[in-house]
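Novice: First, the structure itself, so that you have it in front of you.
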Amino acid sequence: MISVNRELKILELEKSEKLSFLTEKDSYIKFKEYQKNLSKIEAEVERIKDKIAAVDQSIEIEKEISKIQQGVEKSVNEIREAVNKRKHADINRIFNSIITDILGANALISIVQNKQGNIEYSADYQNPSDLNTTSEAQGTTYKKLLCMAFDLSLIIHYSNNSFFRFVYHDGILEGLDNRIKIRLLNKVKEICRDYNLQYILSLIDSDIPTEESGMKYEFLESEICLELNDKDDSGKLFLHSF
């Protein structure tokens, strides 16, 4: 009997150990399954976090766009107010004075605001008798004089501010009458002297005007920055023939 009881205890112990092993094995499988599910959940959490970050970034971008749009709208309103108050009137006056002194004709700058809120400029000559615009402004030669006068008007108007103090024009004398060339050069010298500005122009020898005396218009040595020629490399801009 004692032997049987001992054997039963041994069997019970073996049973308990085997059940424990089976339980442990089942727990391990469950653990692996839970671990796999946890990985999926963590991946989903990261994906959702990325979406939230993208949404947050989108909101910030929208805020920045809205801020920029408000700034643009403010600038457009300021431009409209400046145009309505004719704050460009002084520029227009200077512009007309330059053209009148050079050509003996009136000229007018028109400023309008387009649909985008930007400024569009147009310049025309005016017939003194009826104040209608003339066809002179359509020609390239006379149109470039309008551009020249407009550039000078701007730097004169802002000469007391932190603004450009020089302007450069290429071939401005080309195609003009000798008398107009001389008046233009004299006017430019007057402007530079009165407003402490620098005017730079480039021209070829044939564009230099001839005085009524038949002599070529003379530039002072101090007024000539650079002379170029085709004789040899020393007369080239980069001192070299390419």
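Here, each number is a calculation from the coordinates, and none is a lab measurement. Owing to the predicted nature of the structure, the values given are computational and were not obtained by experimental measurement.
Novice: For segment 86-234, what does the relative contact order come out to in percent, with C-alpha contacts under 8 Å and a separation of six or more?
Specialist: Numbers: 160 pairs, mean separation 25.9, N = 149.
Computed over segment 86-234, the figure is 17 percent.
Novice: OK, next. Using alpha carbons only, how many angstrom separate the centre of segment 163-199 from the centre of segment 58-111?
Specialist: 25 Å
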